[in-house]
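One structure is given here, and the rest of the page talks about it.
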Amino acid sequence: MPRVKAAPKKCIKSNLQNPANSWVFVIKGEALELSDQYTGTGTPDIVTLRHPNTGESAVFLFSAANNSVQEILSFSDGKRGWFVDESVKNDGKMNLSSPIDPIFLVLPYLRKYCSNQVIPLDQLLRDEEFPETERLLKSSGLKYLNMIADRKGDEELNAFKYNEDKTLSWLKKKTEKLADILKAKNIQVTGGGAVSASFVKTGSPDNDSYLKYAHGIVSEYLMDDLSQKLLKYLNLPEDVPQSTLKRKSTQQTPQQESKKPRNEEENKSGSSNVLDLSKPDPKMPKTQVLNAKDKARNKAASGCKPISSFFKKT
């Protein structure tokens, strides 16, 4: 789905010795600014983490101090290339960085392991398949982790237990804030996509339309069951699955069932589809009875030659 974000700063990472290993990035400037502010040196690191929606591998960008995290989205549109200084990069893919709240990345671990027990955060974020997950411990956004979990013990222990009521309240605020941004920017969210309202002649969407579209964006970082719970928490109607629509369209009303062909009812009663030669075929046309005018017309035309006789070969 389209995102509403601030204008990013362009950053091209190139390697003139081996342009094939270079990547083209459009990076949100804070990834560079924060690294300079906190460390004075260093460059952002690109790592793979578990995506909070699918659980599969996804690419993220950490600042040099690991206090800021962004998601990397790749776009490839056909056969294109880049001119990097005096070199040509055959792969025309563009990588776009988008800031993400690190709480979304921690949330799946809390739901899975801390629903019925208390676990220190440094132990919770140990993922053997994705060892770079420990970088999240230094993220500045985790200071708000108590908005989705209950802290147990002192701050040094830093242990938490998942709280679903807090989580739904936090997600509701996120969704409503995003809906307000979409509405303030006059984004048209009806008609199958989000576009500027300047190019749409229809009326302005209502608040529920913005809220429903914002819910779809937030759900990109939620597991399916939590997304459905958030939908109910927002008092929004559920989407009817296409399979349900197909089943409803094939069902017949009592009036339609009463209009079934007679032979279909006979087939259900046990009769065979074999043609009975002892009865007249219902498909055979009946013999037409000529009236007096038709007989007189046929008699007058009996002496005339057919028109096709004038076009015979000589």
Q) Looking at Asp101, Asp91, which one is under 21 Å from Ile148 (Cβ atoms), in contact with a Phe, Trp or Tyr (Cβ under 9 Å, 6 or more places away or on another chain) and not aromatic (Phe, Trp, Tyr)? A) Asp101
Q: Name the one entry in Lys166, Lys138 that is over 25 Å from Ile72 (Cα atoms), of a type in the set (D, E, K, R) and either without any contact (Cβ under 8 Å) to a residue 40 or more places away in the chain or not assigned by TED's automatic domain parsing to the domain that holds Ile27 (or both).
A: Lys166
Q) Has the range 162-175 got at least one residue that is closer than 28 Å to Gln228 by Cβ, at pLDDT below 95 and either part of a helix (DSSP H, G or I) or among the aromatic types (Phe, Trp, Tyr) (or both)? A) no
Q | Residue that is surrounded by 13 or more Cβ atoms within 10 Å (Cβ to Cβ), modelled with pLDDT of 65 or more, in a loop (DSSP other than H, G, I, E, B) and outside the structural domain of Glu134 (by TED's automatic domain parsing), where the choices are Asn53, Asn15 | A | Asn53
(Q) Looking only at the range 123-143, count every residue that is over 18 Å from His51 (Cα atoms) and at pLDDT below 95 and tell me the total. (A) 3
Q. What is the number of the single condition among (1) of a type in the set (Phe, Trp, Tyr); (2) buried (at least 18 other Cβ atoms within 10 Å of the Cβ); (3) at pLDDT below 70 that Phe60 does not meet?
A. (3)
(Q) Can you report the number of residues in the range 131-157 which are in contact with a Leu (Cβ under 7 Å, 6 or more places away or on another chain) and surrounded by 18 or more Cβ atoms within 10 Å (Cβ to Cβ)? (A) 5
Q) Is it true that some residue in the range 108-122 is among the charged types (D, E, K, R), closer than 27 Å to Ser219 by Cβ and in a helix (DSSP H, G or I)? A) yes
Q. Within the range 74-85, is even one residue touching a Leu at 6+ places or on another chain (Cβ under 8 Å), surrounded by 15 or more Cβ atoms within 10 Å (Cβ to Cβ) and of a type in the set (Val, Ile, Thr)?
A. yes
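The values are calculated or read from the model by the stated rules, or taken from the named source; none is laboratory data. What you see is a predicted model; the values in this text were computed from it and never measured. Cβ atoms come from the backbone with ideal geometry, glycine included; neighbour counts cover every protein chain shown.
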